[in-house]
Amino acid sequence: MDNFIFNNPTKIIFGKDTESLVGKETKKYTNKVLLHYGGGSIKKTGLYDRVMKSLKEADVEVFELSGVQPNPRLSLVNEGIDICRKNDIDFILAVGGGSVIDSAKAIAVGVPYEGNVWDFYAGTNTPKKALPVATVLTIPAAGSESSHSSVITNEDGWYKRGLSHSLLYPVFSILNPELTYTLPNYQTACGAADIMAHIMERYFTNTQNVELTDRLCEATFKTIVRNIPLALKTPDDYNARAEIMWAGTVAHNNLLNTGRLGDWGSHDIEHEISAIYDIAHGAGLAIVFPAWMKYVYKRDIRRFAQYAQRMWNIDDNLFDLDDVALRGIAALENYFNSIGLPTRLSHVNIDDTHLEEMADKCTASDTQRVGAVMQLNKNDVLNVLKLAL
């Protein structure tokens with residue numbers, strides 16, 4: 001096990017009707033907020049009205065910026081930065097899923113910065129200050145409600161890049177599983193793939209002697225595998241939705257990667273797909289992850305066999321670890337297919353037109369490597385993408 005420091009400062013407020021507390025919690029920090037959200041879904045469900053009522057009762061002045069898209073755009077982030085500066089807004093409230101929260105975090109680090117906020121995502125500068133961010137979560141998936149990460153897409157060249165910094169932890173996040181009842185099944189399934197990928201990115205590691213976090217990863221993963229079909233069958237199953245929502249938060253709040261170094265190559269590859277083709281991040285991960293596994297599993301066949309045994313209960317033929325590992329990969333693909341997700345690029349009408357471009361962007365023209373279990377160069381990334389066709 002590696003040395004580590006674990007500190008997650010996000011206050012989690014979990015349970016039924018907890019969005020009614022948003023005004024009281026926000027008032028502890030400010031009298032003025034930027035309310036950031038996506039399209040019209042929070043208005044259709046009545047969540048917008050409940051949030052506004054709570055903020056009004058707490059005497060919090062509200063400015064609004066809607067229009068966040070999946071794979072949130074830099075242009076809207078810049079619009080939010082301008083609104084905050086012009087109106088002396090010092091707090092961002094994100095109501096939505098990971099895209100909304102990531103966009104809010106980008107606004108938060110951009111407001112006090114004199115340069116272009118993209119500098120942080122391009123890796124040419126590091127944030128020194130940020131406005132506080134809070135969230136009301138509507139989609140369990142990205143884990144951004146309790147993570148130090150944000151991912152933004154720059155329309156100039158269609159680059160999708162991430163920023164991780166301790167300043168990006170939300171100060172509080174409200175998690176009411178009831179808010180997920182109205183999610184379309186496909187969105188619920190995409191969220192599941194995102195959560196499962198966050199767990200697997202940590203589970204596949206070269207770090208030895210990490211039994212506790214292995215077991216934590218396995219428990220969280222199996223909780224998702226069991227409860228997603230229940231939620232898809234009965235969307236208002238509170239118990240299933242609660243398990244999924246909390247698992248999504250735990251999967252990405254950095255607890256599961258304490259003492260170990262994760263991989264993250266699949267995320268880097270997927271970012272190039274969704275940047276160009278604008279598909280759901282979870283759908284892209286359902287395509288990339290099995291392909292990545294097929295490409296790298298022989299680097300640590302025992303761990304991949306352990307994954308098959310513990311995650312998917314494949315415990316026969318243990319004298320042939322190669323077979324066990326491959327059956328674990330097949331089990332993942334079959335599960336994704338069973339909940340309505342694609343597992344091939346061709347399933348979402350993507351051909352080989354941009355494979356070279358994506359591999360080039362992912363590795364900066366082969367000047368950098370992605371991943372840790374196996375460090376992938378441009379040719380490796382291209383081979384993974386070809387396996388995913």
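I need a count of the residues in region 250-292 that are in contact with an Asp or Glu (Cβ under 7 Å, 6 or more places away or on another chain), at negative phi and in contact (Cβ under 8 Å) with a residue 24 or more places away in the chain. First the steps, then the outcome.
Going through region 250-292, the residues in contact with an Asp or Glu (Cβ under 7 Å, 6 or more places away or on another chain) turn out to be 259-264, 266-267, 281-282, 284-285, 288, 290.
Checking which are at negative phi leaves us with 260-263, 266-267, 281-282, 284-285, 288, 290.
If we keep only those that are in contact (Cβ under 8 Å) with a residue 24 or more places away in the chain too, we end up with 260-263, 266-267, 281-282, 285, 288, 290.
Residues flagged as in contact with an Asp or Glu (Cβ under 7 Å, 6 or more places away or on another chain), at negative phi and in contact (Cβ under 8 Å) with a residue 24 or more places away in the chain within region 250-292 amount to 11.
Just to verify a result, which residue in region 344-367, among those that are part of a loop (DSSP other than H, G, I, E, B) and in contact (Cβ under 8 Å) with a residue 40 or more places away in the chain, is farthest from Ala291 (Cα to Cα)?
For region 344-367, the residue satisfying everything is His354.
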Fill in the blank from the handout: Going through region 144-168 in order, the residues found to be in a loop (DSSP other than H, G, I, E, B) and crowded, with 23+ Cβ neighbours inside 10 Å are Ser147
Exercise for the section: Scan region 77-100 for residues that are part of a helix (DSSP H, G or I), without any contact (Cβ under 8 Å) to a residue 60 or more places away in the chain and touching a helix residue (DSSP H, G or I) at 6+ places or on another chain (Cβ under 6 Å) and report the count. Expected result: 2
Completion exercise
If we keep only residues of region 203-251 that are buried (at least 19 other Cβ atoms within 10 Å of the Cβ) and of a type in the set (Asp, Glu), then the residue farthest from Gly328 (Cα to Cα) is Glu243
Practice task
Please indicate, with yes or no, whether at least one residue in region 336-343 is aliphatic (A, V, I, L, M) and either outside the structural domain of His281 (by TED's automatic domain parsing) or in a helix (DSSP H, G or I) (or both).
Solution key: no
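Kindly check whether there is at least one residue in region 368-384 that is assigned to a loop (DSSP other than H, G, I, E, B) and at pLDDT below 95. Please lay out each step first, then the result.
Filtering region 368-384 down to residues assigned to a loop (DSSP other than H, G, I, E, B) leaves 368-369, 371-375, 377.
Right, trim to at pLDDT below 95 and you get 368.
Within region 368-384, one or more residues are assigned to a loop (DSSP other than H, G, I, E, B) and at pLDDT below 95.
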Handout entry: Output for region 8-60, where each listed residue is outside any helix (DSSP H, G or I), surrounded by fewer than 14 Cβ atoms within 10 Å (Cβ to Cβ) and free of Cβ contacts under 8 Å to residues at least 40 places away in the same chain
Key = Lys28, Asn31, Gly39, Gly40, Gly46, Asp59
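The values are calculated or read from the model by the stated rules, or taken from the named source; none is laboratory data. Bear in mind the structure is a predicted one, so any value in this text is a computation, not a measurement. Ideal geometry is used to build each Cβ from the backbone, glycine not excepted, and the neighbour counts take in all protein chains shown.
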